[in-house]
Structures are given as C-alpha cells and as structure tokens.
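The values are calculated or read from the model by the stated rules, or taken from the named source; none is laboratory data. These numbers come from a predicted model, not from an experiment. For neighbour counting, all protein chains shown are included, and Cβ atoms are generated from backbone atoms with ideal geometry for every residue, glycine included. For accessibility, only protein heavy atoms count, side chains too; no ligands or nucleic acids. Shrake-Rupley method; radii C 1.70, N 1.55, O 1.52, S 1.80 Å.
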Amino acid sequence: METIWKRPDGSIVACTEKIKVLRENLEELRQMAQDAFEDALLMECEEGQIRAVFQEVIAGLHNPYQQS
C-alpha cells in the first residue's frame, strides 16, 4: 500500500514529482539503514540495541523549517 502524504494542515500532497522524490528518498534511506543494520549484526552487535539506536537517530532529527 502506498503512503498518502499529508501537509501539516491535513491536506494531501498530490504533486507527482514531490511524491516521486519522497518515494526515492525513502528507498535510499531503507537501503542505507538495511546495510548499516547488517554491518552491525556482522560485527556481533545485539539486534535490539541496533534498532533502539536507529530509533534514537530518527527521533533526534531536527526540523529546520519549524516555525517558532
């Protein structure tokens, strides 16, 4: 199932080019995360810890466009 992207006001992002860029960025992110995950497993890191660190990284992302 395809993700339906929404703006902060709840309206749907319908621009084909924007959706294409979002899809490509997510695929790149998934592949990079998968590679890093597999590397950590090969280095004998504990799977739960790897996942927790990845979640911390995502939770720590900063929105440079957030209005004060």
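Of the accessible area of the chain, computed with a 1.4 Å probe over protein heavy atoms only, carbon and sulfur atoms account for 57 percent. Over the Cα atoms of the chain, each weighted equally, I'd like the Debye log10 I(q)/I(0) at q = 0.17 Å⁻¹, rounded to two decimals. So the normalised log intensities work out to -0.85.
Here the chain is scanned for GluC sites (Glu not before Pro) in DSSP loops (not H, G, I, E, B) that have at most 11 other Cβ atoms within 10 Å, and the longest stretch holding none of them is 3-43. Relative to a virtual label point 7 Å from the Cα of Ala59 in the Cα→beta-carbon direction, which members of segment 9-52 show backbone nitrogen distances below 12 Å? Residues 52 qualify, since their backbone N sits under 12 Å from the label point.
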